[in-house]
Amino acid sequence: MIAPSILSADFARLADEAAAVAGADWLHVDVMDAHFVPNLTLGLPVVEALLRHTDIPMDCHLMIDDPDRWAIGYAEAGAYNVTVHVEAAADPVKLAANLRAAGAKAGLSVKPNTPLEPYLEILRHYDTLLVMSVEPGFGGQGFISEVLDKVRTARRLVDTGQLTLLVEIDGGINQDTIEAAAEAGVDCFVAGSAVYSADDPAKAVAALRAQAGRVSAHRGGVH
């Protein structure tokens, strides 16, 4: 699965930029509040407006303080997947239940330096694990390959039935890094500049999907 990140899109033309990635699996929307991360992007009113102009399932990544209070609004608006940060959530188990009750899939994200092991029990309540492969806050950063150990751990737990979730990665994903992430066991790849800096964003999505798919098929023993 490929989830183009509109953080790399033209904010003045978001409806057109969503249309430009027709065929994408999810549309990744980074919500930043200038508190949890040192940047400010967009919020619920923009998400609500964009939802009216695209049929691509929306993947809202909330890099915000107090997600227990604010995340539900994104689910109620119609976002398909709403991801909160474990470092910011006061009661992540209750929040997952509330997100699901509001109609969305519940996602939990971990920063590059946040270990996975303390949160494995919490992840039983979530539909998506988003592993950050850059420090959250800005697009265009370099890929931190060390986080792939967390991906491998999550993949093993999913494959053995101990967790039931989709493994997503966000940060520095492009044609040079996507194969390593796929080999580690990622299901969904967030790609920003690799998609929106291309002459044909939809073609870039298809090319990344094919590249990851070849590796994932090989990893799964399908030849």
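Observations on the structure shown:
- Count - residues of region 138-150 that are out of contact with any Leu (no Cβ under 6 Å at 6 or more places or on another chain) and in contact (Cβ under 8 Å) with a residue 60 or more places away in the chain: 2
- Candidate set from region 120-136 (those that are among the acidic types (Asp, Glu) and modelled with pLDDT of 95 or more); member that is nearest to VAL82 (Cα to Cα): ASP127
- Members of region 78-87 found to be buried (at least 21 other Cβ atoms within 10 Å of the Cβ) and of a type in the set (Gly, Ala, Ser), listed by number: ALA79
- Contact map, region 151-175: first residue assigned to a helix (DSSP H, G or I), second residue surrounded by 17 or more Cβ atoms within 10 Å (Cβ to Cβ) and among the β-branched types (Val, Ile, Thr), Cβ cut-off under 7 Å, separation 6 or more or different chains; pairs are VAL151/VAL131; VAL151/VAL167; VAL151/ILE169; VAL151/VAL186; ALA154/VAL167; ARG155/VAL167; VAL158/VAL167.
- Note on region 168-211: residues that are among the β-branched types (Val, Ile, Thr), closer than 18 Å to ALA18 by Cα and out of contact with any Gly (no Cβ under 8 Å at 6 or more places or on another chain) amount to 1.
- Among (1) closer than 26 Å to PHE11 by Cα; (2) outside any helix (DSSP H, G or I); (3) touching a strand residue (DSSP E or B) at 6+ places or on another chain (Cβ under 7 Å) - the single one PRO112 does not satisfy: (1)
- Among the residues of region 115-137, those identified as assigned to a helix (DSSP H, G or I) and out of contact with any Leu (no Cβ under 8 Å at 6 or more places or on another chain) are GLU117, PRO118, GLU121.
- Residue within region 25-44 that is small (Gly, Ala, Ser) and crowded, with 18+ Cβ neighbours inside 10 Å present: no
- Residue among LEU14, LEU7, LEU27, LEU40 that is in contact with a Ser or Thr (Cβ under 7 Å, 6 or more places away or on another chain) and more than 18 Å from LYS105 (Cβ to Cβ): LEU7
- Some residue of region 198-216 being farther than 17 Å from PRO4 by Cα, of a type outside the set (Lys, Arg) and touching a residue at least 12 places away in the same chain (Cβ under 8 Å): yes
- Some residue of region 185-198 being buried (at least 20 other Cβ atoms within 10 Å of the Cβ), in contact with a Lys or Arg (Cβ under 9 Å, 6 or more places away or on another chain) and assigned to a helix (DSSP H, G or I): no
- Only one of the listed residues (ALA49, ALA9, ALA24, ALA19) is of a type in the set (A, V, I, L, M, F, W, C) and farther than 27 Å from VAL186 by Cβ. That residue is ALA49.
Here is a yes/no grid of residues against (1) modelled with pLDDT under 95; (2) crowded, with 21+ Cβ neighbours inside 10 Å; (3) on the phi < 0 side of the Ramachandran plot; (4) more than 15 Å from the chain's Cα centre (by Cα):
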| position | (1), (2), (3), (4) |
| --- | --- |
| GLU17 | no, yes, yes, yes |
| ALA20 | no, no, yes, yes |
| ARG52 | no, no, yes, yes |
| LEU62 | no, yes, yes, no |
| ASN98 | no, no, yes, yes |
| ALA101 | no, no, yes, yes |
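The values are calculated or read from the model by the stated rules, or taken from the named source; none is laboratory data. Just so it is clear, the model here is predicted, and its values are computed rather than measured. Backbone-built Cβ (ideal geometry, glycine too); neighbour counts: all protein chains shown.
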